[in-house]
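Participant: Handing you this structure, nothing more for now.
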Amino acid sequence: MTIHLRFQLAALFAGIFLFNIFFVGQTTASAASVPSPESHFGFKPGDDRKLFDYEEMMAYLRILEQASPMVKIEQIGQSEMGKPLYLLFVSSAGNIANLDRLKEINRQLAVEPGLSDDQLSGLAEEGRVFFLMTLSMHSTEVGPSQAAPLIIHELITSEDPQIRQILDNTVYMITPSHNPDGMDMIVENYRKYLGTRYEGSSMPGVYHKYAGHNINRDFITLNLKENQAIARAYSKEWYPQVAVERHQMGSRGPRYYISPPSDPLSENILPGIWTWKRIFGSRSLAAMTGAGLKGVSVNYLFDMYWPGNTSTSLWKGVVAMLSEAASVDIATPIYIEPGELSVTGKGLAEYEISINMPDPWPGGWWHLRDIVEYERVNTLSYLHTAAIHREEILRFRNGITRKEVERGLNEPPFYYIMPRQQHDQGELADLVNLLDKHGVDTYELTGDRVIDNRPYSAGDIVVPLDQPFRAFIKEVMEKQAFPVRHHTTGGPMIRPYDITSWSLPLHKGVEAVEINTRVEIPVTLLRKIEVPYTIGPEQPGSFTGVLFTANHNESYKAAFTAVNKGLRVDRLTAPFSSRGMEFPAGSFHIAIQRGLDELLGALLVAPSYLTEPFDGAAKPVRLPRIALVESWFHDMDAGWTRFLFDTYHIPYKVLRPADLQEVNLKRDFDLVILPDQAQSVLMAGKGGSPGNYTIPQYPPEYAKGMEQKGLNNLLAFIDGGGKVVSWGRSVDLFMGNLSIEAEKGEKQEFSLPVSNIGNRLREQGLDVTGSLLRVRTRSDHPLTYGVPEEMGVFHRGTPVFATSFPYFDMDRRVIASFPQKDILMSGFIRNEELLARQAAMVWVKKGEGQLVLFSFCPQFRGSTPVTYKLLFNALLME
Ligand SMILES: [Zn+2]
């Protein structure tokens, strides 16, 4: 460090010191003018049966911001339904006044691998630990958000020396609600049934515009606006060093879960991050147990091998943690008999004294107040740990950055290269833009070059691994190999918490070449890509129309959007070539017409411009009138289908299963979609299975199914020429003996020439943990227009189809099937040979109608663009 810099820093410290003295006096004086949550809300947060909604919470937090120089609120985005999303900063007045400088220190620590020792010492001395806490993304888990006003009020009014230490050394960043739309839905529903028989019952539908609980399954794909905003905060803007995501779990196990997690761990994460998680967790276990809070557990149930908020932050060098409190019935207290206490999953095999739960809770009453208190003690202890280890944590963060960049230079893989010529160029462009949202730099080659014995061209995309977020890049670009671990030698494999595949290139159908030999691409051959990244020729001065290849998902988006806006769109019924470019059957032609310009302005990949009148074989595109069946049972897969359709501008109408009893399908719809949902829910509005139903915790008007009458209606619709698309568990509606009763009492009995053999294969030992499996598609069918002959589908091992020889007015075609071997592309599978040559997707004809059955979810969580076209083609089926 130069003398000059030292002098500046000394002056700065003196400034902060004086500043603090000034504000300490003011804060104490103004403490009385900071209203308590109790006086503001008229109840103390955590009181039984009392909740505030998002707007009420933010109104109070705004008052704190006005009253105290220790609070600052910044808007960071909007929710899917348009509510503002906020980050709230709580720290000493001096730190709050100095946020811009502290933010810059965070950035340097996070992204600059080449800091000198002196620079690092200066930053570690001057910086503060930024600790991000995101609250209640799962809106039924109300405790963390309800606790926030109390904790923030205590922090800014307390004279406790430990809290002073926290405020001086840390900046507490809070997302008061990660899911404001859901928070308001849940509070409104709770108030609606308060004092009735159904108080505290489940809210019908998903507590988010689309995703519900799956809001935490979207941190790689970043489909949702809430997650884009949070990811931007930690990946590109504020670079907090520590984070915790606050949840609630089931009611009958441990009272609280804190870091560290259970196995398995993501192997791309540097070990030091796990040890910091242990330090935070151990100190908090001590603090919480010391405060008399029983039932705190560590190493329990929750692992760090799945694409949630916490794991994805870990891949970016953040010491990220999860907390989980035992739930009450929203805000209604519950009583638990000691004999009802149990544990599930990993880390605790029985509900007894254990190193992972040294002081079990004995049972009894459990209130929202308890959750709020556990949240409070855990928050203060986590912040205190950050405060006492301030310099160490700041140095650690930069150490991670330095090591990751070194690993990228010295360990394979060194680069991922994605040729610009791709089957689906729109997905390539989307991937480049997504990596930018994650804080990853991408480059394009400025000239042709042979790399690792393969020629590449100018414009091909290069992702170097010597970047601060190397672990993230490797994790999302490689194919997943699930880390198989056991608790005891010879014991069962530790099951994954969620899915086991998320490789972006494979899920998007984009070719990415992993460069594992040490080659250096000269920096002069690389140009950094600026976003938004788009591909394609400039629009010529004059043209007669445009062609969109069926190979790009984006072409379908353009076609759907255009038809929706009233433009005429034609679909090629045979291949067509123009100026040396081949357009496969299923591609779209739009002649020049009013409204086309607007459409062309919003594309990632430009279409091909025609200068001659189009003379290929084509038919006009007509969008079907779609009924989408979404149950009231927190139907996330239906929610993701709505997300996909809204994103691609596909109109649809939602029907509930019970509606199928009454609706005139033939008059009002052309096509019915049944996403992944249990047959028992669709048929009977209950859980479990026929003969063994479980009563759901919904008010009775929401616990209704289609019953035999609705199924009859659906089958008659198909018989009369309707189309049905079904995937996942809903395919079971169409298996076995079926019948259609006409109004005159005429009855036809039949079984479709397809059966689900998934359960049988599972009994024989097939085990698929949510993996990407290879299928081969048939090339001579409109359902596979634009689809490669070999691709991955996201699969859970069931259903799987077997077709049979048809009779009467039925027929079937296998559209996609598993190959003989090498079925696993990414994730985990056991006994994959059981799937060899079995059918993964089947088209069935019955009477005048058609049925398309998928054994996989083609739109799984908005994270499998590689299979979207199979669904789009099904919508456009003639
Ligand atoms: Zn949760």
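Participant: Enter the Cα centre distance for the pair segment 664-697 and segment 465-489, rounded to the nearest angstrom.
Facilitator: Rounded to whole Å, the Cα centres lie 38 Å apart.
Participant: In whole Å and largest first, what semi-axes does the C-alpha gyration tensor of segment 421-541 yield when each eigenvalue is scaled by 5 and square-rooted? Mind showing how you got there, number by number?
Facilitator: Values: eigenvalues 216, 62, 35 Å².
Taking √(5λ) for each eigenvalue gives 33, 18, 13 Å, largest first.
Participant: While we're on this one: Counting only DSSP beta bridges with both residues in the chain, tell me the antiparallel percent, nearest 5.
Facilitator: On the way: 84 of 125 bridges.
Rounded to the nearest five, the antiparallel share is 65 percent.
Participant: Pop a pseudo-label 7 angstrom from the Cα along the beta-carbon direction at both residue 353 and residue 694 and give the gap in nm to one decimal.
Facilitator: Going by the 7 Å Cα→Cβ label model, 3.3 nm.
Participant: Then there's this: Suppose a student asked you for the relative contact order of segment 631-736, using Cα pairs under 8 Å spaced at least 6 residues apart; what percent would you report?
Facilitator: Numbers: 133 pairs, mean separation 36.1, N = 106.
Dividing the mean separation by the residue count of segment 631-736 yields 34 percent.
Participant: Taking segment 66-173, which GluC sites (Glu not before Pro) meet the DSSP loop condition and have no more than 10 other C-beta atoms within 10 Å? Present the calculation step by step, with values, prior to reporting the outcome.
Facilitator: On the way: sites: 74, 80, 104, 125, 126, 141, 154, 159; in loops: 80, 141, 159.
Those satisfying the criteria are 159.
Participant: Multiply the residue separation of residue 81 and residue 519 by 0.36 nm, subtract the distance between their alpha-carbon atoms, and state the gained length in nm to one decimal. Mind dumping the intermediate values first?
Facilitator: Numbers: separation 438, 0.36 × 438 = 157.68 nm, distance 4.77 nm.
Result: 152.9 nm gained on full extension.
Participant: In nm, what is the difference between 0.36 nm times the number of residues separating residue 579 and residue 437 and their Cα-Cα distance? Mind showing how you got there, number by number?
Facilitator: Values: separation 142, 0.36 × 142 = 51.12 nm, distance 3.61 nm.
Extending this stretch completely gives an extra 47.5 nm.
Participant: For a bin width of 5 Å, list the pair-distance distribution of segment 812-878 built from all Cα-Cα distances, rounded to whole %.
Facilitator: 4, 14, 21, 24, 19, 11, 5, 2, 0
Participant: Write out the chymotrypsin sites (Phe, Trp or Tyr not before Pro) in segment 40-77 meeting two conditions: DSSP loop, and at most 16 other Cβ atoms within 10 Å of their Cβ.
Facilitator: Values: sites: 41, 43, 52, 54, 60; in loops: 43, 52.
The qualifying sites are 43.
Participant: Based on the Cα coordinates of segment 731-878, what is the per residue volume of their convex hull in Å³?
Facilitator: Values: hull volume 18.1 nm³, N = 148.
Considering the Cα atoms of segment 731-878, their hull volume per residue is 122 Å³.
Participant: Another question, if that's okay. Output the relative contact order of segment 707-821, whole-number percent, from Cα pairs under 8 angstrom with separation of 6+ residues. Before the final figure, lay out each step's value.
Facilitator: Values: 144 pairs, mean separation 29.6, N = 115.
With pairs under 8 Å counted, the relative contact order is 26 percent.
Participant: Counting pairs of alpha carbon atoms under 8 Å apart in space and at least six apart in sequence, what relative contact order in percent does the chain give? Walk me through the numbers on the way to the answer.
Facilitator: On the way: 1902 pairs, mean separation 90.1, N = 878.
10 percent.
Participant: Can you tell me the orientation of helix 636-647 relative to the chain, as the angle in degrees between its alpha-carbon axis and the longest Cα principal axis, to the nearest 10?
Facilitator: Here the helix axis deviates by roughly 80 degrees.
Participant: Moving on to the next point. Helix-only estimate, please: 222 nm mean residue ellipticity of the chain, summing -39500 (n - 2.57) across DSSP H runs of length 4 or more and dividing by its residues, to the nearest 500. Write out the running numbers ahead of the final one.
Facilitator: Numbers: 25 runs with 281 residues, N = 878.
Calculated from helices alone, the mean residue ellipticity at 222 nm is -10000 deg cm²/dmol.
Participant: Sketch the reach of a paramagnetic label on residue 267 as a point 7 Å from Cα along Cα-to-Cβ, and name the residues of segment 823-859 whose backbone nitrogen lies under 18 Å away.
Facilitator: Those under the cut-off are 824-830.
Participant: FRET efficiency for residue 116 and residue 289, Cβ-Cβ distance as r, R0 = 56 Å, nearest 0.05?
Facilitator: The pair residue 116/residue 289 has a calculated efficiency of 0.85.
Participant: Where nothing but the Cβ of Lys and Arg (+1) and of Asp and Glu (-1) is charged, how large is the charge dipole of segment 647-688 around its Cα centre, in debye to the nearest 20? Don't skip to the answer; put the middle values down first.
Facilitator: Working: 5 positive and 5 negative charges, 14 e Å.
Approximately 60 debye in magnitude.
Participant: Between the DSSP loop rule and a limit of at most 15 other Cβ atoms within 10 Å, which GluC sites (Glu not before Pro) in segment 501-548 are left?
Facilitator: On the way: sites: 511, 514, 520, 530, 538; in loops: 511, 520, 530, 538.
Within segment 501-548, the qualifying GluC sites (Glu not before Pro) (loop, at most 15 other Cβ atoms within 10 Å) are 511, 520, 530, 538.
Participant: Principal axes first, then extents: for the Cα atoms of segment 186-259, list largest minus smallest coordinate on each axis, whole Å, largest first.
Facilitator: Cα spread of segment 186-259 along its principal axes, largest to smallest: 48, 31, 18 Å.
Participant: Which order, highest average first, do 711-721, 480-490, 496-506 follow once you tally other Cβ atoms within 10 Å for each residue and take the mean per peptide?
Facilitator: Working: 711-721: 20.4, 480-490: 12.6, 496-506: 22.5.
The most tightly packed comes first, giving 496-506, 711-721, 480-490.
Participant: Further question: Considering only 274, 426, 345, whose Cα is most displaced toward the positive end of the charge dipole of the chain, charges sitting on Cβ of Lys, Arg (+1) and Asp, Glu (-1)?
Facilitator: So the residue furthest toward the plus end is 426.
Participant: Continuing with this model, one more query. Based on the inverse mean of 1/r over its pairs of different Cα atoms, what is the Kirkwood hydrodynamic radius of the chain, in Å?
Facilitator: Mean inverse Cα-Cα distance, inverted, gives 29.4 Å.
Participant: Among 618, 409, 82, flag the residue with its Cα farthest along the positive direction of the charge dipole of the chain, charges on Cβ as +1 for Lys/Arg and -1 for Asp/Glu.
Facilitator: The residue sitting farthest along the positive end of the dipole is 618.
Participant: Full extension from residue 44 to residue 741: what is 0.36 nm times the residue separation minus their Cα-Cα distance, to one decimal in nm? All intermediate terms of the calculation are to be shown ahead of the outcome.
Facilitator: Numbers: separation 697, 0.36 × 697 = 250.92 nm, distance 5.95 nm.
Between residue 44 and residue 741, full extension yields an extra 245.0 nm.
Participant: Output needed: percent of Cα pairs per 10 Å distance bin for segment 41-160, bins running from 0 to the one holding the longest distance.
Facilitator: P(r) over segment 41-160, rounded to whole percents: 11, 36, 31, 16, 6, 1.
Participant: Taking every Cα atom in segment 359-401, find the radius of gyration and the maximum pairwise distance Dmax, and write them in Å.
Facilitator: Considering segment 359-401 through its Cα atoms, Rg and Dmax are 16.3, 48 Å.
Participant: At what distance in angstrom do the alpha carbon centres of segment 837-878 and segment 579-638 lie from each other?
Facilitator: Measuring centre to centre over Cα atoms gives 18 Å.
Participant: Using label points projected 7 Å from each Cα along Cα→Cβ, tell me how many nm separate residue 332 and residue 487, to one decimal.
Facilitator: Once both label points are built, they end up 3.4 nm from each other.
Coordinate-derived values only; no laboratory data. Just so we're clear, the structure is a prediction, and the values are computed from it rather than from any experiment. Neighbour counts are summed over all protein chains in view; Cβ atoms, including those assigned to glycine, are modelled from backbone coordinates with ideal geometry.
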